[in-house]
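These notes concern the structure reproduced below.
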Amino acid sequence: MKLSSPPNVDDSNTTGIENGSLQYPFNTIEEGLAVAQNQDTVMVATGTYTTSYLLIPKSVTIIGAGRDSTIVNGEFVLSSQLSSIPVFIYSLRCENVRCGDSDTITTITPLTIKDCQLQTLSDTTKSFDSTCTFLFKNNIVIDSIRIDWISSQARIEISNCTVGDNLSISSVSSRKNILILNNEVARSVNIWTVSRDDTIFVEQNTISDSLIILSISTYPNRIFNNNIGKGIRISALASKGHQITNNVISDGGIFCSFVALDSTLIEFNELMNGGIDFSSKSAEVFIRKNNIISSGNRTGINFTSKSGGWIDSNSVTLPYLPPTGVPPEHDSLAICAVRINSISFPGLHDNQLEGGSYGVYLKALASEVVRNTITGPDRGVYLEAFSSRVDSNSVTNCADDGMILKSHTDYGDINFIFLNNNLIANNHGNGIRLKNFATLGTDTTGYNDIRDNTGYDLYLETPKSLTDTILAKNNHWTHITESEISEFDIYDQNDDTTLALVVFIPFLLTDVDDDTDKDFPTDFVLCQNYPNPFNPSTNIKFTIPNSDSPLPGGVSGGLVTLKVYDILGREVATLLNEKREAGRYEVEFSAEGGSASGGNASTIPSGVYFYQISVRPSSVSTKGQAGQGFIQTRKMILLK
C-alpha cells in the first residue's frame with residue numbers, strides 16, 4: 001500500500017479502520033515501518049507500545065510525542081539492508097537502539113537519536129563505515145552507554161545527555177572524531193582504542209567519577225572545561241599530543257603515561273585534592289598555571305621523563321609532612337610539592353610551592369630551577385644533578401634544611417651546579433647542606449642571600465676524597481665579617497681545610513652614619529635596601545661624593561637616575577631622575593604603587609628585583625678632569 005502522506009501511529013485508534021492517515025492511524029509501530037519508504041517520517045502519538053524487537057528496514061525518521069508520553073517497551077534495531085541515508089529517532093522512550101541486527105557486519109547508515117529516554121544504549125556492531133555518523137543528543141539514559149565496535153570510521157558525538165551509570169566507548173580501530181560534550185555522567189567516562197587517527201574531544205562534562213582514555217597509538221586528546229570527581233587517566237604508547245585545560249577535579253589527579261609524546265599542554269586546571277602524575281620516555285610537555293591543593297596523600301606534581309618538560313607558574317599547596325627518616329638521596333616515597341626524575345629537564349620556573357616533605361625533589365643530569373617560591377615544607381629543595389642553574393628562588397621557613405645539593409658522582413669531581421640570586425633564609429635546619437660540589441658565587445656571580453637559618457647557612461657534608469675549592473663569593477650571610485662568617489655561618493663536618501676549601505668573600509653592606517650627615521661624603525655608596533626582603537615597601541640610601549673625591553672623575557653632583565628592574569631586565573619603576581648635589585639621600589620604593597619620591601611602579605608580584613643608580617656629572621673636578629660618572633646595581637627581594 002502506497003500512502004499519500006507519511007504513516008501515523010496511534011494505539012488509541014479503536015475505529016477498526018487503519019490506513020496510516022492522521023484520521024485512521026496504525027495501532028502499532030511495526031505497521032507504520034512496514035509501509036514507510038526511504039526518507040519517510042513515522043509519527044508516533046502518545047501511548048505505550050509493547051514490542052521486544054522493532055526492526056527498522058528503511059532509512060526513515062521516527063518521531064514520538066515526547067519522551068515522557070510515547071513509551072516503547074522494546075528496542076529499535078537498524079536492518080543490515082539499510083542504505084547510507086540517515087535514520088532519525090526523536091522524542092520517545094525506549095529500551096535501546098542498536099546500529100545493526102545479527103547479520104550486520106558493516107553499518108553504513110548514519111544514525112541520530114535526539115530528545116529521547118533510553119533504559120540503556122548498548123551496541124556491539126562490528127564495523128562502522130566512513131559514510132556513518134553517530135549523533136546522540138539531548139537524551140536521558142537511565143543506566144549506561146556502552147558502545148563496542150571493532151572498527152569505526154564514523155564520527156561519534158554524544159552531547160547534552162544525562163547518563164545514570166558509565167559511558168563507555170571502545171573500538172580497536174577508530175578513524176574519526178569522538179566528541180563527548182556537555183553531558184552529566186553519574187559514574188565514569190571510558191574511551192579505549194588501539195589505533196586512532198583523529199581527535200577525542202571531551203568538553204564541558206560533569207563526570208562524578210573518572211575520565212579514562214586508553215590507547216596504543218593516538219591522535220591528540222582535547223579535554224576542556226570539565227568537572228570531574230576522581231581524576232583523569234590517559235595512557236598510550238605513541239601519541240601526537242594533548243590539551244588538558246580548565247578542568248576542575250574535586251578529589252583526584254591527572255595521571256598521564258606515555259612512551260613517546262608530542263607537544264602537550266596541562267594548564268589552568270583546578271585539583272582540589274590531588275596532583276599531576278606524568279611519565280614518558282620522551283615528552284615535550286608544558287605543565288603550567290595549575291592550582292593544586294592536596295591533603296597530602298600524593299605529590300603535587302610528579303614528573304618522570306628522560307627528556308623534555310617545563311613546569312612553570314603552578315601553585316601547589318600541601319600540608320606540612322614530617323620526614324620519612326630515609327636519607328634524601330633515597331627518599332622515593334616522600335610526598336613533595338614537585339618531584340622530577342629526568343635526564344634533561346629544561347625548566348622548573350615561577351612556581352609557588354607550599355608544604356610537603358620536600359618543596360622540590362629533583363634528580364636530573366641537566367636542569368634549571370628558576371624564580372620559584374618555596375615555603376613551609378620539611379626540606380625546601382633536594383637537587384641531584386650534573387649541570388644545573390639555580391637562580392632567583394626563595395626558600396624560607398622550612399622545618400629542616402633549605403637546600404640539599406648533591407652532584408652526580410658518575411662524572412667525578414667535575415660538576416656545574418651554580419647558585420645565583422637566591423634567598424635561603426629563616427629555615428630551621430641549615431640554609432644549604434652541600435653533599436658534594438656546587439658553585440655559590442664567583443667574582444661575577446653569587447649574590448645569594450643565605451641567612452638567619454637555625455643551623456649553619458652553609459653546611460658541608462662533602463666526602464673526604466673531595467679536594468676541590470668551593471667558591472662561595474659575593475653572598476650575604478647571617479654575619480658580616482669574614483671571621484664571624486667562618487665561625488658561625490659555614491661549617492665543614494670534616495674540619496679539614498686541605499679537603500673541601502670554601503673560598504668566600506662576603507657581600508658587605510655599607511651603611512650611613514646618621515651623626516655625620518652634615519659632612520660631605522667622600523665616596524660613592526649605593527646601600528643595600530632596608531628591609532630586605534621587604535613587603536610592601538623598602539628604603540634605598542645612596543651618597544654622592546664632593547668634587548675633591550679621588551674616586552671616579554671627581555663628581556660634584558649631577559643628574560641622578562635610580563631605576564628598578566625585574567629579573568628579565570624589564571624596567572619596573574623610575575624612582576629618581578633629577579639633578580642632585582653631593583650629599584646623602586634616601587628614597588622609598590613601594591611594590592604597591594611606586595615610591596614616595598615620585599616613582600611610577602604599579603603593583604608587582606613577589607620575586608627578585610634589581611635597583612640601579614647612575615650619576616652623570618654636572619661639573620669638572622678641582623683637579624681639572626672631566627667627570628666620568630658612576631653606575632652601580634644591587635639586588636632586592638619582594639616577599640609577599
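Could you list, in their original order, any pairs among Lys126/Lys176; Lys289/Lys406; Lys541/Lys579; Lys126/Lys240; Lys114/Lys230 whose Cα atoms are separated by more than 20 Å?
Check vs 20 Å cut-off fails for Lys289/Lys406; Lys126/Lys240; Lys114/Lys230.
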Exercise. So for segment 186-309, Kirkwood radius off the Cα pairs, Stokes-Einstein at 4 °C and 1.567 mPa s: how many µm² s⁻¹?
Worked result: 92 µm²/s
For this session: Compare the Cα positions of Ser170, Ile158, Thr61 along the charge dipole of the chain (+1 at Cβ of Lys, Arg; -1 at Cβ of Asp, Glu; about the Cα centre) and return the one farthest towards the positive end.
Result: Thr61
Exercise. With the dipole of the chain worked out from charges on the C-beta (+1 for Lys and Arg, -1 for Asp and Glu) around the Cα centre, which of Ile147, Leu639, Ser91 lies farthest toward the positive end?
Worked result: Ser91
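What is the magnitude of the charge dipole of segment 94-181 about its Cα centre, with +1 placed on the Cβ of each Lys and Arg, -1 on the Cβ of each Asp and Glu, and no other charges, expressed in debye to the nearest 20? Walk me through the intermediate numbers first.
Numbers: 8 positive and 10 negative charges, 71 e Å.
Computed about the Cα centre, the dipole is about 340 debye.
Please tell me the relative contact order of the chain in percent, rounded to the nearest whole number, where contacts are Cα pairs under 8 Å and at least six residues apart.
Values: 2129 pairs, mean separation 27.2, N = 640.
Value for the chain: 4 percent.
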Problem set entry | Low-density loop cleavage sites - trypsin sites (Lys or Arg not before Pro) in segment 1-91, where at most 11 other Cβ are within 10 Å (DSSP) | Lys2
Problem set entry | Amide hydrogen neighbours beyond the local backbone of Ser392, cut-off 5 Å, H modeled | Arg371, Asn420, Asn421, Asn422
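Placing unit charges on C-beta atoms (Lys and Arg positive, Asp and Glu negative, everything else neutral), compute the dipole magnitude of segment 294-508 about its Cα centre in debye, rounded to 20. All intermediate terms of the calculation are to be shown ahead of the outcome.
On the way: 13 positive and 26 negative charges, 164 e Å.
Here the size comes out at about 780 debye.
Can you compute the helix-only [θ] at 222 nm over the chain? Use -39500 (n - 2.57) per DSSP H run of at least 4 residues, normalise by all residues, nearest 500 deg cm²/dmol. Intermediate values should be presented prior to the final figure.
Values: 1 runs with 7 residues, N = 640.
So the helix-based figure for the chain works out to -500 deg cm²/dmol.
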Exercise. What list do you get for His330, His428 if you sort them by fewest beta carbons within 10 Å?
Worked result: His330, His428
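Relative to the Cα centre, what is the charge dipole magnitude of the chain, using +1 at the beta carbon of each Lys and Arg, -1 at the beta carbon of each Asp and Glu, and rounding to the nearest 20 debye?
Numbers: 46 positive and 70 negative charges, 320 e Å.
So the magnitude is around 1540 debye.
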Problem set entry | Among Val259, Asn430, Val360 - extreme Cα towards positive end, dipole of the chain, charges at beta-carbon | Val259
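Rank these for me by crowding, Glu487, Glu284, going from fewest to most other beta carbons within 10 Å. It would help to have the intermediate numbers written out before the result.
On the way: Glu487 11, Glu284 16.
Listing Glu487, Glu284 from fewest to most nearby Cβ atoms yields Glu487, Glu284.
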Problem set entry | HN-Hα J in Hz across segment 61-69 - Karplus 6.51, -1.76, 1.60, θ = phi - 60°, x for Gly and Pro | 10, 10, 10, x, 7, x, 6, 8, 10
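Since every read-out is calculated from the coordinates, none of them should be taken as a lab result. Because the structure is a prediction, the values reported are computed rather than measured. Virtual Cβ from ideal backbone geometry, glycine too; neighbours counted across all protein chains shown.
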